[in-house]
Amino acid sequence: MSKYLLECAVWEITLKCNLSCLHCGSSAGEKRKTELDTSQALKICSDLKDAGCLSVALMGGEPFLRADFWDIAARIRELGMDLSVITNGTIFKEDFFEKLKSLSPRAVAVSIDGAKKETHERIRGVNGCYEKSWKFINFALRAGLPVSVITTVSKLNIGELKEMSEQLMDKKIAWQIQTAGSEGERFSKEYLLDREEFYGVGVFIDWLRKTYSPYRLPVIGAHDLGYYSFFLNDLSIYGQWPGCQAGRSVIGIRSNGDILPCLSINDDRFAAGNALKTSISELWNNDRFWEAFRNFKKNDTGENCSSCDKFEECMGGCCEMSLMKTGKIRNDFYCFRSIEKENFSGFFGRLRLKLAEKKKSGFSGLPALRDIFLGKR
Ligand code: SF4
Ligand code: SF4
């Protein structure tokens with residue numbers, strides 16, 4: 001048995017997608033040639049349970065394009081695992097929301113990438129999808145589902161975050177903000193945030209959390225928005241960044257059964273194996289398959305993190321972002337702490353940082369925020 005507990009599997013149940021988002025890391029569109037059939041997918045559900053998995057997030061491509069979505073989701077719940085769904089919110093029928101409600105999902109997350117229809121549709125690549133996704137959100141809210149909105153920020157939409165916060169206020173919608181990476185084929189690197197913009201997104205989320213109660217606007221920064229800032233509170237629901245959990249409490253599953261340390265680390269060099277050949281339990285419980293994620297030293301990292309005083313706690317930020325920008329894991333280029341250090345250099349700069357760190361008061365709304373994001377609404 002491994003000492004690692006498999007808390008969450010993020011599962012791309014199909015690569016097929018009806019949209020064509022610029023930032024899509026897996027360049028979804030057509031389904032994979034060798035996607036799991038229904039019986040193989042149901043076997044994966046049991047396999048996850050055997051591996052001790054606590055929760056499963058179904059996504060795509062677009063997960064609702066799989067006709068057997070309902071069988072897979074129902075099996076996950078029958079086996080006692082938590083269920084979340086991540087969707088573009090454009091594929092639904094009238095009876096859909098009550099059916100979804102009966103599965104008691106922990107979260108139904110819909111991607112919205114702009115305050116303006118034109119921006120959202122430019123990023124998502126299909127005209128007419130903005131109204132559809134909002135229709136989905138409103139139906140889901142009416143059915144009493146725990147709805148989240150996920151926004152992926154790039155240069156194309158950073159200017160609309162404030163307006164989006166006004167649109168999402170007082171709607172019982174949990175808002176997750178993340179930043180775009182350039183792994184996908186459709187995303188041009190010129191749209192990537194620079195470090196200043198990245199820091200600005202952090203300041204904005206921190207400000208929202210200080211200004212509005214989590215009941216009015218529950219908002220978090222995703223895994224890629226951190227770490228160990230001298231000035232800003234941690235933007236997650238944890239209070240403190242626990243380090244990248246890829247291969248430590250999280251796995252990703254491709255629609256052909258490939259097992260990755262995280263679905264965002266879409267790189268065959270890091271695949272642990274394929275669930276059709278080796279059970280997930282066998283893969284998970286053997287540290288050998290997860291060397292780079294479970295057995296690493298500070299010396300293994302790169303120039304961005306190797307001299308950091310917080311490396312032991314932080315473990316080098318988000319492995320996906322790090323890989324995308326520097327070709328190495330545990331070498332995150334986007335990091336609040338390093339940006340602050342860069343801007344406050346010299347004796348007095350460092351003193352200022354130390355004082356700021358001491359003065360940081362923490363975020364009092366954390367328990368409420370955590371409940372909201374874990375579906376207790
Ligand atoms: S420099 Fe690296 S290890 Fe240090 S806080 Fe930033 S991401 Fe984490
Ligand atoms: S690679 Fe990034 S997104 Fe994946 S588990 Fe690590 S921090 Fe999270």
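Return the pairs, sorted by first residue and then second, in which the second residue is in a loop (DSSP other than H, G, I, E, B), the first residue lies in segment 103-128 and is β-branched (Val, Ile, Thr), the beta carbons are less than 6 Å apart, and the residues are 6+ apart or on different chains.
Close Cβ pairs satisfying both conditions: Val108/Leu145; Val110/Gly89; Thr119/Asn157; Ile123/Leu22; Ile123/Asp113; Ile123/Leu156; Val126/Leu19.
Which residues, counting only those in segment 62-90, are under 23 Å from Arg142 (Cβ atoms) and over 21 Å from the mean Cα position of the chain (by Cα)?
Across segment 62-90, the qualifying residues are Trp70, Ala74, Arg77.
Residue pairs, Cβ under 9 Å, 6 or more apart or interchain, first in segment 66-82 and among the β-branched types (Val, Ile, Thr), second exposed (fewer than 15 other Cβ atoms within 10 Å of the Cβ). List them.
Every condition considered, the pairs that remain are Ile72/Thr38.
Does at least one position in segment 224-238 carry a residue that is farther than 27 Å from Lys328 by Cβ, within 16 Å of ligand 1 (Cβ to nearest atom) and within 21 Å of the chain's Cα centre (by Cα)?
yes
For the subset of segment 287-334 comprising residues that are charged (D, E, K, R), part of a loop (DSSP other than H, G, I, E, B) and touching a Gly at 6+ places or on another chain (Cβ under 8 Å), which member is nearest to ligand 1 (Cβ to nearest atom)?
Checking each candidate, the answer is Asp332.
Do we find a residue being over 20 Å from Ile44 (Cβ atoms) and not in a loop (DSSP other than H, G, I, E, B) anywhere in segment 243-253?
no
Any residue that is away from ligand 2 (no atom under 15 Å from the Cβ), more than 28 Å from Arg269 (Cβ to Cβ) and free of Cβ contacts under 8 Å to residues at least 40 places away in the same chain - is there at least one of those in segment 294-301?
No: zero hits.
Here's the yes/no breakdown for (1) in contact with a strand residue (DSSP E or B) (Cβ under 9 Å, 6 or more places away or on another chain); (2) crowded, with 21+ Cβ neighbours inside 10 Å; (3) not hydroxyl-bearing (Ser, Thr, Tyr):
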position: Ser148; (1), (2), (3): yes, yes, no
position: Ser154; (1), (2), (3): yes, yes, no
position: Ala174; (1), (2), (3): yes, yes, yes
position: Glu190; (1), (2), (3): no, no, yes
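Listed residues Gly349, Gly362; which is at pLDDT below 95 and more than 16 Å from ligand 1 (Cβ to nearest atom)?
Every option except Gly362 fails the conditions.
Out of everything in segment 235-257 that is in contact with a Gly (Cβ under 8 Å, 6 or more places away or on another chain) and more than 13 Å from ligand 2 (Cβ to nearest atom), what residue ends up being nearest to Glu35 (Cα to Cα)?
Selected residue: Ser255.
Only residues that are touching a residue at least 40 places away in the same chain (Cβ under 8 Å) and surrounded by 19 or more Cβ atoms within 10 Å (Cβ to Cβ): list them for segment 205-221, please.
Hits for segment 205-221 are Leu208, Arg209, Pro214, Leu217, Pro218, Val219, Ile220, Gly221.
From (1) within 10 Å of ligand 2 (Cβ to nearest atom); (2) part of a loop (DSSP other than H, G, I, E, B); (3) at pLDDT 95 or above; (4) crowded, with 23+ Cβ neighbours inside 10 Å, pick out the condition that doesn't hold for Gly226.
Among (1) within 10 Å of ligand 2 (Cβ to nearest atom); (2) part of a loop (DSSP other than H, G, I, E, B); (3) at pLDDT 95 or above; (4) crowded, with 23+ Cβ neighbours inside 10 Å, the lone unmet condition for Gly226 is (3).
Answer yes or no as to whether Gly60 is under 20 Å from Ile123 (Cβ atoms) and touching a Gly at 6+ places or on another chain (Cβ under 9 Å).
No; evaluated as a whole, the condition is false for this residue.
Taking Gly257 and the conditions (1) surrounded by 16 or more Cβ atoms within 10 Å (Cβ to Cβ); (2) over 30 Å from Leu369 (Cα atoms); (3) in contact (Cβ under 8 Å) with a residue 60 or more places away in the chain; (4) out of contact with any helix residue (DSSP H, G or I) (no Cβ under 8 Å at 6 or more places or on another chain), which numbered condition does it fall short on, given that it satisfies the others?
For Gly257, the exception is condition (4).
The values are calculated or read from the model by the stated rules, or taken from the named source; none is laboratory data. Quantities reported herein were computed from a predicted structural model and do not represent experimental measurements. Here the Cβ is made from the backbone with ideal geometry for all residues, glycine too, and neighbour counts use every protein chain on show.
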